[in-house]
Every structure is written in C-alpha cells, then in structure tokens.
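> Structure below; questions to follow.
Each reported figure results from applying straightforward, stated rules to the coordinates on display, with no laboratory input. What you see is a predicted model; the values in this text were computed from it and never measured.
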Amino acid sequence: MNYDENKGPQQTLFVVPGSGKDVRLFFNSDKTKLEKIRLSVNKLVEIVSNGVLDVEAFLHINSIGLITRTKYKTLVKVQPPFSTIDKDIVDVKINVAETSEIFHKSSKDILSRQYIDYYVDSGQQISHHDLYNLSVKNQFVVDEIKRRKKNDSTSTIARNKK
C-alpha cells in the first residue's frame with residue numbers, strides 16, 4: 001500500500017482475469033473501452049481469507065493489476081493517472097467515487113453480495129483488442145521460451161550420447 005498526501009492510502013490489487021466468473025472484465029458494446037472489473041464474492045472471500053485485504057479496504061482500491069494468463073508475470077496494470085499501452089503494461093484509472101457511490105446504494109455488506117464492481121474512469125481508453133494483443137504477445141513469448149528449452153534439451157541429450 002502506498003500513500004498519497006492528497007488522496008490518502010493508495011491500494012493496488014492484483015488479480016488474474018480468466019474464463020471463470022471470479023474476475024470478469026466488462027467492455028462497452030463495441031469493445032473499444034474497458035468499463036468495469038467485477039470480482040465475485042468467492043474472489044473477495046479468498047482475498048480476505050488470505051489476509052491480503054480486510055473487508056473495508058475493498059472500497060479504497062484505486063488500482064487493479066490484471067495479470068495475464070500465462071506462466072510468466074506479464075502485468076496489465078490498472079492504475080491512475082495515465083492510460084497508455086506500453087510494452088507489457090496498460091495503465092487505467094479506477095473511478096473510486098463512482099465505485100463507492102454504486103456500492104453504497106445497497107445496504108448489503110461486501111461479503112453478502114454476489115460481486116463488487118470497480119468502474120474504470122470515463123477518460124480511459126483500453127480496448128478489448130489492446131488486451132487481446134497483449135495476451136497474444138505474451139503467448140508468443142511463452143512459445144518461444146518453450147521452443148528454446150526444447151532445443152536446449154535436445155542439444156544436451158545429443159552431447160550426453162557422445
């Protein structure tokens with residue numbers, strides 16, 4: 001947790017979006033803009049049970065790091081104040097006020113809900129295509145590393161046979 005004198009504690013949560021329902025990304029209808037990130041109650045309970053955050057800290061998260069689904073640690077950071085796509089990082093600002101306002105419209109506490117939504121700042125432009133391209137790029141890197149390991153193994157076996 002970082003601290004900003006103007007905004008107080010700065011919380012960043014890192015999660016892995018996937019084909020399951022624990023972490024879901026929602027885009028506008030033409031998939032040109034990431035609008036919100038949804039965490040299921042199962043993910044919330046997992047985070048609280050592991051001691052990563054307490055229940056109250058969920059409303060103070062102002063950035064979310066999306067970790068792509070590869071064996072290698074490529075991060076897509078959802079973090080204020082910039083929205084740029086640079087190599088392996090995408091920076092997006094979370095609208096903490098909107099997230100908190102919508103959360104407080106219900107009287108249920110966090111763990112009594114089915115999910116919590118984090119709303120991306122309206123000025124940010126991160127498209128489905130951008131994230132897809134990053135995932136493809138990451139997969140290319142993984143495939144290249146596997147190919148090199150296979151070649152190294154073949155070379156080692158050939159040397160050992162001599």
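> Taking θ as phi - 60°, what are the ³J(HN,Hα) couplings along region 113-118 by the Karplus curve (6.51, -1.76, 1.60), each to the nearest whole Hz, with x for Gly and Pro?
So the J values, rounded to whole Hz, are 8, 7, 6, 10, 9, 10.
> Which of the residue pairs Lys21/Lys149; Lys36/Lys108; Lys21/Lys93; Lys21/Lys150; Lys43/Lys149; Lys36/Lys146 have a Cα-Cα distance greater than 25 Å in the structure shown?
Lys21/Lys149; Lys21/Lys150; Lys43/Lys149; Lys36/Lys146
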